[in-house]
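Enquirer: Got a structure here, written out as structure tokens. Questions coming.
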Amino acid sequence: MNETQKLAERGSKVIMNTYSRFPIAFDHGEGMYVWDMDGKKYLDFVAGIAVNSLGYSNRKLGKMIADQSMRLMHVSNLYYTEPQITLAEMLCQNSCFDKVFFCNSGAETIEAALKIARKYAVMKGKPGRDIIAMEKSFHGRTYGAVTATGQDKYHKGLDPMLPGIKHVPFNDFEALKNAVDENTCAILMEPVQGEGGIRPAESQYLKAVRALCDEKDIVLLFDEVQCGVGRTGYLFAYQAYGVEPDGACFAKGLAGGVPIGAFMAKDSLAEAFKPGDHASTFGGNPFATACGTVVMDELLNGGILENVKKQGSLLTQKLMELKKKHKIIADVRGIGLIQGIELTIPAGDVIADCIQNGLLLVGAGANVIRFVPALIVSEKEINEAVEILDRCLCEAEKK
Ligand SMILES: Cc1ncc(COP(=O)(O)O)c(C=O)c1O
């Protein structure tokens, strides 16, 4: 038994069985690469599922982690801290939003979004509390977030779900318009659906949704947990579309691997939360937010957004070339460094083969392979990933 197998066996005895894990145990990482317990090297196009925005072992982030942990790790939100305010300023000054609520994960930002939308309806004296979300969406695993998630498989055995949330097909404006009534208080969507299969919203659709929300005073909420924070080549995904939501959810890559969530809103929506309406013990603590300032600084001043745009176009071009070559690729979709290929066969075997060959990839639904590498990925690494994938697709076609 090697070290990886030994650790997997220990883990299976004490870790609750909620993930179907690969029999791999990781030890350390550097840049775009990660090594298992037995020294096998992998090129990582998963990045902790769109989390490790600056790659592994980023020096600036590491230094901040060391410094801030020895300076001030956590105090209650009963007080102010400098890193929390600085990160909130960086987020607000570079977006259409005015206020931030910090928490610790993507699902928690969704909870904040759902709660504030209903509070907004109360504040405005509107009768309804209904929220419309999208089919094939993914918003997380807490009760509100999983109810908003538009995939039945995540609801199995959990009934009764949170009342007042319904789903309509994504990118179908007529369906959305028909679903809206006087009880609708909010519409929630991912500008680029991630887990549901890497499906970008159509630009015209988002513009029409914005106009509908304006007309009916409905809160428009974007879930940018996966597609935000630089991944589209814009700081925030809404900026790639030029359509401003009233509130939006950010998490994953915002602190480069340190748990964080940020729900942001324009003042018109933010004022619906009053003292005592919402809270989080850890949310926005000086440690996590100091790490967030490093990521934001790199995104704004370190040439990362330009890199995402450049490498994103290269990745699209390379995936389109693969589509010409391989009949089992049905579609190539995405923006920047959130891309996917839809296969005519289940994606699982191809992904497993890529992993065997030293390339980490993750699925997005049954038939889609997702590409969400660190935002520092280089041309060389994209070429390396595409070469491995190409070989594995050849093998899959032979079967
Ligand atoms: C779009 C989107 N929203 C919300 C979530 C939930 O985030 P978390 O797992 O941090 O709770 C995810 C996680 O994959 C996501 O992709």
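The values are calculated or read from the model by the stated rules, or taken from the named source; none is laboratory data. Owing to the predicted nature of the structure, the values given are computational and were not obtained by experimental measurement. Cβ placement follows ideal geometry from the backbone for every residue including glycine, while neighbour counts extend to all protein chains displayed. The accessibility values were calculated without ligands, DNA or RNA, using every heavy atom of the protein model including side chains. Shrake-Rupley method; radii C 1.70, N 1.55, O 1.52, S 1.80 Å.
Enquirer: When the stretch 319-332 is examined, which residues are found to be crowded, with 19+ Cβ neighbours inside 10 Å and assigned to a helix (DSSP H, G or I)?
Expert: Scanning the stretch 319-332 gives a single hit, Leu319.
Enquirer: From the list Val75, Val51, which residue is touching a Lys or Arg at 6+ places or on another chain (Cβ under 7 Å) and either open to solvent by 50 Å² or more (accessible area, probe 1.4 Å) or under 27 Å from Ala279 (Cβ atoms) (or both)?
Expert: Checking each option against the conditions leaves just Val51.
Enquirer: Here's something else I'd like to know. Keeping to the stretch 96-127, report how many residues are part of a loop (DSSP other than H, G, I, E, B) and either within 12 Å of the ligand (Cβ to nearest atom) or surrounded by 24 or more Cβ atoms within 10 Å (Cβ to Cβ) (or both).
Expert: Residues flagged as part of a loop (DSSP other than H, G, I, E, B) and either within 12 Å of the ligand (Cβ to nearest atom) or surrounded by 24 or more Cβ atoms within 10 Å (Cβ to Cβ) (or both) within the stretch 96-127 amount to 3.
Enquirer: Considering Tyr80, Tyr42, which residue is surrounded by fewer than 23 Cβ atoms within 10 Å (Cβ to Cβ), without any contact (Cβ under 8 Å) to a residue 24 or more places away in the chain and more than 20 Å from Ala145 (Cβ to Cβ)?
Expert: Checking each option against the conditions leaves just Tyr80.
Enquirer: Now a separate question. When the stretch 219-238 is examined, which residues are found to be surrounded by fewer than 24 Cβ atoms within 10 Å (Cβ to Cβ) and within 27 Å of Ile165 (Cα to Cα)?
Expert: Passing the criteria: only Leu220.
Enquirer: From the residues in the stretch 142-157 that are within 16 Å of the ligand (Cβ to nearest atom) and part of a loop (DSSP other than H, G, I, E, B), which one is least open to solvent (accessible area, probe 1.4 Å)?
Expert: First pass over the stretch 142-157, keeping only residues within 16 Å of the ligand (Cβ to nearest atom): 142-151, 153-155.
Within this subset, residues satisfying the condition of being part of a loop (DSSP other than H, G, I, E, B) are 142, 149-151, 155.
On the way: Thr142: 53, Thr149: 0, Gly150: 17, Gln151: 31, His155: 34 Å².
Among those that are within 16 Å of the ligand (Cβ to nearest atom) and part of a loop (DSSP other than H, G, I, E, B), it is Thr149.
Enquirer: Looking at (1) more than 16 Å from the ligand (Cβ to nearest atom); (2) within 23 Å of Tyr238 (Cα to Cα); (3) touching a residue at least 12 places away in the same chain (Cβ under 8 Å); (4) of a type in the set (Asp, Glu), can you tell me which one Asp181 breaks?
Expert: Among (1) more than 16 Å from the ligand (Cβ to nearest atom); (2) within 23 Å of Tyr238 (Cα to Cα); (3) touching a residue at least 12 places away in the same chain (Cβ under 8 Å); (4) of a type in the set (Asp, Glu), the lone unmet condition for Asp181 is (2).
Enquirer: For the stretch 188-218: of the residues being in contact (Cβ under 8 Å) with a residue 24 or more places away in the chain and of a type in the set (Asp, Glu), which is least open to solvent (accessible area, probe 1.4 Å)?
Expert: Here the answer is Glu190.
Enquirer: Which one is farthest from the chain's Cα centre (by Cα) among residues in the stretch 128-141 that are open to solvent by less than 50 Å² (accessible area, probe 1.4 Å) and away from the ligand (no atom under 13 Å from the Cβ)?
Expert: Step by step, filter the stretch 128-141, then rank; the result is Gly128.
Enquirer: Just checking, does the stretch 314-333 include any residue being without any contact (Cβ under 8 Å) to a residue 12 or more places away in the chain, more than 16 Å from the ligand (Cβ to nearest atom) and under 28 Å from Ala208 (Cβ atoms)?
Expert: Looking through the stretch 314-333, at least one residue is without any contact (Cβ under 8 Å) to a residue 12 or more places away in the chain, more than 16 Å from the ligand (Cβ to nearest atom) and under 28 Å from Ala208 (Cβ atoms).
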